[in-house]
Amino acid sequence: MGAKLIDGKALARKVRHEYAERVAVLAAAGHVPGLAVILVGGNPASEVYVRNKIRACGEVGLHSEVHRFPALVAETEVLATIERLNADPAIDGILVQLPLPQHIDLEHVLLAISHEKDVDGFHLYNVGALVAGSTVFPPCTPYGVQRLLESEGIPIAGQNVVVVGASNIVGKPLALMLMRQEATVAICHARTRDLAQFTILADILVVAAGRPSLILPQMVRAGAVVIDVGINRLPDGRLVGDVDFEGVRQKASHITPVPGGVGPMTVTMLVCNTVHAAERRLAAARGRGQRKVIA
């Protein structure tokens, strides 16, 4: 009997339904949460990702807008747009679709976004909060992985977790989030020697390396939970993850498919963070109003 599939599409639908109700409450209070997406250049994959994010916003009832720039746009023009969006009361979240062209400094752009609107969780303020043991806006993909594990009732505390991939977007923040839940976490990367000696020890194996079929059945412990974050397009057009899905599913207890696993949850958690941002702003505004009345 093969592993149980962790259905990211089904969970994403459930979470979006829950958040649509929260958006309705905010709208009744006079504010529809808004997300602004900045897209530079015409990268086909980025176009697809942005389209999915805008569609998800529509499903939940969020206002969304896309600010498109040609690939050769000046960095100052992008920064000026971010500054304007920071001050726009209709916008609760700002997302810069990556990658950016090489002439634009990624750090400058990410730091320009107000940490109160950084719904991607990449600003140093939010990264620092994560390191300190709290979260304001968790990065969307690790947040989605966390929700997938919770949905299956998979325990985290005391488990051996191996994360393959040490990126700032997935590997590092996910490790911090799981450590906060008292997991023992090892991070592997491109220069890890004998990767299998680490992966075979994992109760929970998360793979986000961007290499198809990197993880083979003999590298996985029987009964392990396998979360495949990778998404790779093969020459024949098929989308596959970083895990040998058909082989590993015969050994694992749970596994995410690609597509249909982590991907839908990444987009959904962006929506969740945007709603959280709007709720935080509304609560802060009410608090200021109460202080004025008391004064």
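Any read-out appearing in this document is the output of simple, stated calculations on the displayed coordinates, not a laboratory observation. Because the structure is a prediction, the values reported are computed rather than measured. Glycine also receives a Cβ, built like all others from the backbone with ideal geometry; neighbour counts cover every protein chain displayed.
So here's what we get for this one:
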quantity: Gain upon complete extension [Glu150, Ala284; 0.36 nm per residue less C-alpha separation]; calculated: 45.3 nm
quantity: Cα centre as origin, Lys/Arg/Asp/Glu Cβ charges: the chain dipole, Debye; calculated: 500
quantity: Residue with peak Gaussian network fluctuation, the chain [Cα springs, cutoff 10 Å], from Gln102, Gln197, Gln146; calculated: Gln102
quantity: Max mean-square fluctuation residue, GNM over the chain, Cα-Cα springs under 10 Å, options Pro235, Pro44, Pro257; calculated: Pro235
quantity: Acute angle (nearest 10 degrees) that the helix 171-180 long axis makes with the longest principal axis of the chain, alpha-carbon atoms; calculated: 90
quantity: Which of Thr135, Thr268, Thr184, Thr199 has the fewest Cβ neighbours within 10 Å, and the rest in rising order; calculated: Thr184, Thr135, Thr199, Thr268
quantity: Residues Thr266, Thr256, sorted so that the one with the fewest Cβ neighbours within 10 Å comes first; calculated: Thr266, Thr256
quantity: Helix-only [θ]222 nm of the chain, DSSP H runs n ≥ 4, -39500 (n - 2.57) each, per residue, nearest 500; calculated: -13500 deg cm²/dmol
quantity: Approximate spin-label separation Gln197-Gln250, in nm, with each point projected 7 Å along Cα-to-Cβ; calculated: 2.7
quantity: All lysines inside 28 Å of Lys172 as judged from Cα atoms, apart from same-chain residues fewer than 8 positions distant; calculated: Lys4, Lys9, Lys14, Lys53, Lys117, Lys251
quantity: Identified option (computed Cα extents along the principal axes in Å; candidates (i) 64, 47, 33; (ii) 64, 49, 49; (iii) 74, 62, 29); calculated: (i)
quantity: Order of Tyr49, Tyr143 - criterion: other Cβ atoms within 10 Å of each residue's Cβ, fewest first; calculated: Tyr49, Tyr143
quantity: Share, in percent, of DSSP beta bridges within the chain that are antiparallel, nearest 5; calculated: 5
quantity: Cα gyration tensor category, rounded, prolate or oblate, for the stretch 29-117 with a/c compared to 1.5; calculated: oblate
